[in-house]
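Contents: one structure, followed by commentary.
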């Protein structure tokens with residue numbers, strides 16, 4: 001074979017190899033780009049974890065937990081659950097979707113100063129469950145739990161203490177939204193003679209309903225339990241409401257009910273109906 005022909009064949013083979021390499025490289029880059037685009041959607045888990053020694057840079061898995069509720073909530077899918085691994089302070093958080101935040105045994109603290117503890121601004125069909133949390137306002141926090149929007153809010157076995165506005169401020173713009181409080185302690189919240197009135201649990205949204213069961217509301221300023229505004233309703237059963245100027249009250253056309261012979265109240269009680277169990 002002539003030298004010129006040989007060189008030409010070698011050159012053609014090199015060109016073909018370069019084209020093949022470029023095609024493979026282009027394909028790999030395309031696949032990588034697709035994976036990067038899909039990564040955020042796949043990053044959210046149905047169950048995440050927080051730890052007092054965690055890191056919000058972690059994926060919030062059982063073996064690599066996050067440090068705060070705020071860090072974990074962005075990595076938790078709607079209707080998912082954030083679990084507490086060990087005692088710690090996990091900071092304030094804003095909730096915008098259906099989610100459960102739960103601590104079964106270790107202390108899960110939300111310690112705030114000058115701001116709200118937990119803000120719920122969820123969808124009209126969303127449900128939020130808060131369980132086993134210790135929410136402390138240090139005498140300067142605003143609302144312990146503030147519900148701006150959302151359908152169902154469950155507060156179970158929680159302690160909410162020493163906020164200058166309300167322990168729980170249920171002002172959901174979702175008509176017919178419901179707050180359910182069970183086995184909880186709501187203490188030392190509110191500012192005396194404040195306008196508007198502040199205290200323990202305040203139901204003042206759009207036709208919202210608050211139900212309190214087996215709970216202690218004690219030493220809250222102005223009132224322990226209040227419904228404010230037409231079509232807002234509160235009810236209490238098997239609970240203790242003590243050491244407040246008003247145990248249960250309603251204003252501006254709202255309604256308040258106290259059910260159950262084991263209820264104990266002190267102070268001025270303004271109640272539309274007290275009906276014992278039968």
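Rule-based calculations on the coordinates, nothing more; no lab input. Only a predicted model underlies this, so the values are computations on that prediction, with no experimental measurement involved. Ideal geometry is used to build each Cβ from the backbone, glycine not excepted, and the neighbour counts take in all protein chains shown.
Residues in region 205-215: is at least one surrounded by 21 or more Cβ atoms within 10 Å (Cβ to Cβ) and over 29 Å from residue 123 (Cβ atoms)? Within region 205-215 (the criterion being surrounded by 21 or more Cβ atoms within 10 Å (Cβ to Cβ) and over 29 Å from residue 123 (Cβ atoms)), the answer is no, since none of the residues qualifies.
Could you please let me know if residue 123 is buried (at least 24 other Cβ atoms within 10 Å of the Cβ) and either in a loop (DSSP other than H, G, I, E, B) or over 14 Å from the mean Cα position of the chain (by Cα) (or both)? Here the answer is no, as residue 123 does not meet what is asked.
Scanning region 169-185 for residues that are within 13 Å of residue 133 (Cα to Cα) and under 17 Å from the mean Cα position of the chain (by Cα) yields 181, 182, 184.
Number of residues in region 86-98 that are more than 23 Å from residue 172 (Cα to Cα) and buried (at least 18 other Cβ atoms within 10 Å of the Cβ): the value is 2.
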